[in-house]
Amino acid sequence: MPSDKPVALVVGASRGIGRQVAIDLARNGYAVVVAAKTVSAPSAPAAPFPPDPNSSASTITTVAREITSAGGDAAAIAVDVRHEESVNALVAEAVATYGRLDVLVYNSGAIFWASVPDTPLRRFRLMQRVNPEGLYAVVHAALPHLQRAPGGRGRVVVVSPPIYSRFFRGKTAYAMGKVAMSVLTKGLAMDLVRAGLGDMAITSIWPAVAIESAATARFTDLDPDEANHLRKATIFSDAILAILDAPARVVNGELLLDEDFLREHGRVTDFSKYNVVPGSSPRRIMPAKLPDLTVAEQDDEGKRIDSSDKPRL
């Protein structure tokens, strides 16, 4: 029997931003499948509970327990996005558990910021497998189920950036994978429109200001003043909820920034509530204006070639 609630699969939900997104989706009426590699034994829960959300003590097991303890509905399912069989098993178990899938949020990510000469090939390969390849695998497995979401309103939200030149500086190997994820957002959005699935949407989102997470904790460990330039992960989950509430025509194929979307579509004018340090003024890390990727000949495809035996979405 399909769940009466809409069902969201959050991949990369064991800590930090992904954990917050999973918890806030549950608070807003979603049944949530909490997925990542990190699990812990339910018989030996973290103490104290809940654990530090940016620590290794936070796992999909503890996140699911946080949700259910608050009266929400959640299931923890382990996945290694580097392996197709693991991804397929995740989606199959999620659908078997709840009978439907309405939303996919892909937050899994591997990160290594260094110049090209200082980035070993093994690091490059890991980032490509977890970031663009993992996203592609999960989207591919989930799409048939998302297409059957009530009202045809299946949604995909990807944690990947707008495309602009400064993003490549000092982290080219990482940027190659993250920008590829944004390219998937743009391309799949066009596929959805072409297939007549106008109520479905895929959207990318990225923080305008750095967010408190396991990754940014390294900076605050070195310099406690860096906390003044961080926002809470709730800004990201609020932006995702606003994206899910928006019409597909507004968000399909868009590469959004959390603050800008909340200001323009979420009616948020005061962002101070998101500051990690009250009274601080976090610096914006993203450009105020981003390049337009469209060209004048946008609709001119020439002769379209489809290599698949059965053209389909």
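Which residue is modelled with the lowest pLDDT, if the candidates are limited to region 13-43 and must be surrounded by fewer than 19 Cβ atoms within 10 Å (Cβ to Cβ) and touching a strand residue (DSSP E or B) at 6+ places or on another chain (Cβ under 7 Å)? Result: 39.
Here 179, 209 are screened, and the one residue that is under 18 Å from residue 113 (Cβ atoms) and not in a helix (DSSP H, G or I) is 209.
Among the residues of region 93-113, those that are among the β-branched types (Val, Ile, Thr) and assigned to a strand (DSSP E or B) comprise 103, 105. Does region 51-67 contain at least one residue that is surrounded by fewer than 19 Cβ atoms within 10 Å (Cβ to Cβ), acidic (Asp, Glu) and either at pLDDT 95 or above or in a helix (DSSP H, G or I) (or both)? No, because not a single residue in region 51-67 is surrounded by fewer than 19 Cβ atoms within 10 Å (Cβ to Cβ), acidic (Asp, Glu) and either at pLDDT 95 or above or in a helix (DSSP H, G or I) (or both).
State which residue is surrounded by the fewest Cβ atoms within 10 Å (Cβ to Cβ) when the search covers only region 278-296 and only residues that are more than 17 Å from residue 258 (Cβ to Cβ) and touching a residue at least 60 places away in the same chain (Cβ under 8 Å). Result: 291. Does residue 90 satisfy being in a loop (DSSP other than H, G, I, E, B), hydrophobic (A, V, I, L, M, F, W, C) and more than 24 Å from residue 276 (Cα to Cα)? In short, no.
Could you count how many residues in region 129-163 are assigned to a helix (DSSP H, G or I) and either in contact with a helix residue (DSSP H, G or I) (Cβ under 6 Å, 6 or more places away or on another chain) or of a type outside the set (Gly, Ala, Ser) (or both)? Residues in region 129-163 being assigned to a helix (DSSP H, G or I) and either in contact with a helix residue (DSSP H, G or I) (Cβ under 6 Å, 6 or more places away or on another chain) or of a type outside the set (Gly, Ala, Ser) (or both): 18 in total.
Would you check if there is a residue in region 217-228 being within 22 Å of residue 17 (Cα to Cα) and buried (at least 19 other Cβ atoms within 10 Å of the Cβ)? No, that holds for no residue. Scanning region 1-27 for residues that are over 13 Å from the mean Cα position of the chain (by Cα) and farther than 25 Å from residue 210 by Cβ returns 1, 2, 3, 4, 5, 6, 7, 26. Set side by side, the residues 47, 74, 22, 94 differ, and just one is farther than 23 Å from residue 242 by Cα, among the small types (Gly, Ala, Ser) and in contact with a helix residue (DSSP H, G or I) (Cβ under 9 Å, 6 or more places away or on another chain), which is 94. Pairs are defined by a Cβ separation below 8 Å, a sequence spacing of at least 6 or placement on different chains, a first member in region 239-254 that is at negative phi, and a second member that is surrounded by fewer than 18 Cβ atoms within 10 Å (Cβ to Cβ) and aliphatic (A, V, I, L, M); the pairs so defined are 252/193.
When residue 169 is tested against (1) of a type in the set (Lys, Arg); (2) surrounded by fewer than 17 Cβ atoms within 10 Å (Cβ to Cβ); (3) in contact (Cβ under 8 Å) with a residue 12 or more places away in the chain; (4) closer than 27 Å to residue 282 by Cα, just one condition goes unmet, and that condition is (3). Taking region 222-313 and the helices (runs of 4 or more DSSP H) fully enclosed by it, the elements with 2 or more residues that are closer than 15 Å to residue 208 by Cβ are at 234-245, 258-265.
The values are calculated or read from the model by the stated rules, or taken from the named source; none is laboratory data. Just so you know, these numbers come straight off a predicted model, no measurement behind them. A quick note on method: Cβ atoms are made from the backbone with ideal geometry, for glycine too, and the neighbour counts reach across all protein chains shown.
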